[in-house]
1. Between helix 165-176 and the chain, what is the angle of the helix's C-alpha long axis to the longest principal axis, kept within 0 to 90° and rounded to the nearest 10?
2. Taking the mean number of other Cβ atoms within 10 Å as a proxy for protection, how do you rank 226-236, 21-31 from highest to lowest?
3. How many lysine pairs in region 2-277, separated by 8 or more positions in sequence or lying on different chains, have Cα atoms less than 18 Å apart?
4. Per DSSP H run of at least 4 residues, take -39500 (n - 2.57); add these up for the chain, divide by its residues and hand me the 222 nm value, nearest 500 deg cm²/dmol.
5. Relative contact order of the chain, please, whole-number percent, based on alpha carbon pairs below 8 angstrom and at least 6 residues apart.
6. Once phi is turned into ³J(HN,Hα) by the Karplus curve 6.51 cos²θ - 1.76 cosθ + 1.60 with θ = phi - 60°, what whole-Hz value does each residue of region 221-229 show in order, with x for glycine and proline?
7. Output the antiparallel fraction of DSSP beta bridges having both residues in region 2-277, as a percent to the nearest 5.
8. Taking a Cβ-Cβ separation under 4.7 Å as the criterion for a possible partner, which cysteines of the chain have none?
Amino acid sequence: MAALASHVFCLLYSLPGPPMYFVQNFSLILYPVNKNLCPKIDPHRDVIFNLFTRENPKVSQILEIENDSLLSASNMNFLRPTVIFFHGFTESLMADDSQRIGRGFIERGDYNVIIVDAERLLAGLYYLNAVTNCKHIGRYAAQFIDYLVTKGLDLKKLHVIGMSLGGQISGFVGQYIKSGRLSRITALDPAGPLYNGVTEDDRLDPGDADFVDVIHSNKGVFGYKYPCGHVDFWPNGGGPVQPSCSLADRLSRRPFSLNTLVFCDHYRAYQLFARSLTDSQRYLATQCSSYKEFKDGKCSFNNKTFMGISVNEKARGNYFIYTGRDADGYTN
């Protein structure tokens, strides 16, 4: 009976549907695609690897596992550093975090930038289903990286980045990769709901890469509320409320965005990281035991490191910084 049900679900998913809908920046789906019921990943719809380089900064080239023809015809250059980015819930390749971080790396230097589009598997309003799919996305992406390693990818030149659920997916990539060990994972306010309190096997943790840095901006709401990296940054205390994210601020945004209305504090993590790509020494953070002690000046002589792209990979512990409204994407 279970096998029959799985076959029926797989058949259902193989049809042109389920229909996708777009409400402003939200990606919504009529009914969820559950990879526990149908584990096979469709490389054309479920998880798509979009390559951007300086040769093709605006139009992506699609890469697939074991597809040597696509790889050889692309602008992928294994002499360059490579970035792989995972978006979050209700997002896609066209989401602001995917676009801004992708552009930021292309403007910063000569990179292979791969934006992973898992829109169908992370679509709203099915958050529980999206969480279920995260391990499948992570396992499939790990297989993709293993394939690239056989073709010349140097894992020491690979930087895996994820926003929200993408941050948790990045951890699963680190768990499932077989060709070696990830060098660096950056998690941007990794998702908290259904991850707070679970074991390390079921979420991002420092064991998933040689170095894991995390920026928390909406702790205890949409973001994970505990330290989960080698170094954890808590801008403006890590939230749950960020400067420029009051209700009045959210409602006054032009053009008005439902995504920003809902996720304003959550999104500050990727906005701050994206700003660091063009201004790498902008956010000097201080190691401290709490945001209160940081604000009271009790940690002024403690260790410091930059939050964002130029973090010192030897840094360990919790770091705090006050950014105010800086880099929120609207006031600069």
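1. Rounded to the nearest ten degrees, it is 70.
2. 226-236, 21-31
3. Total qualifying Lys-Lys pairs in region 2-277 comes to 6.
4. Values: 8 runs with 101 residues, N = 332.
Theoretical 222 nm ellipticity from helices: -9500 deg cm²/dmol.
5. Across the chain, relative contact order equals 13 percent.
6. The phi angles translate into 10, 8, x, 5, 9, 10, x, 8, x Hz.
7. 35 percent
8. Cysteines lacking a close Cβ partner in the chain: Cys134, Cys228.
Bear in mind that the values in this text are calculations on the coordinates, not laboratory data. Fair warning: this is a prediction, and the values are worked out from it, not measured in the lab. Reconstructed Cβ throughout: ideal geometry from the backbone, glycine too, with neighbour counts over all protein chains shown.
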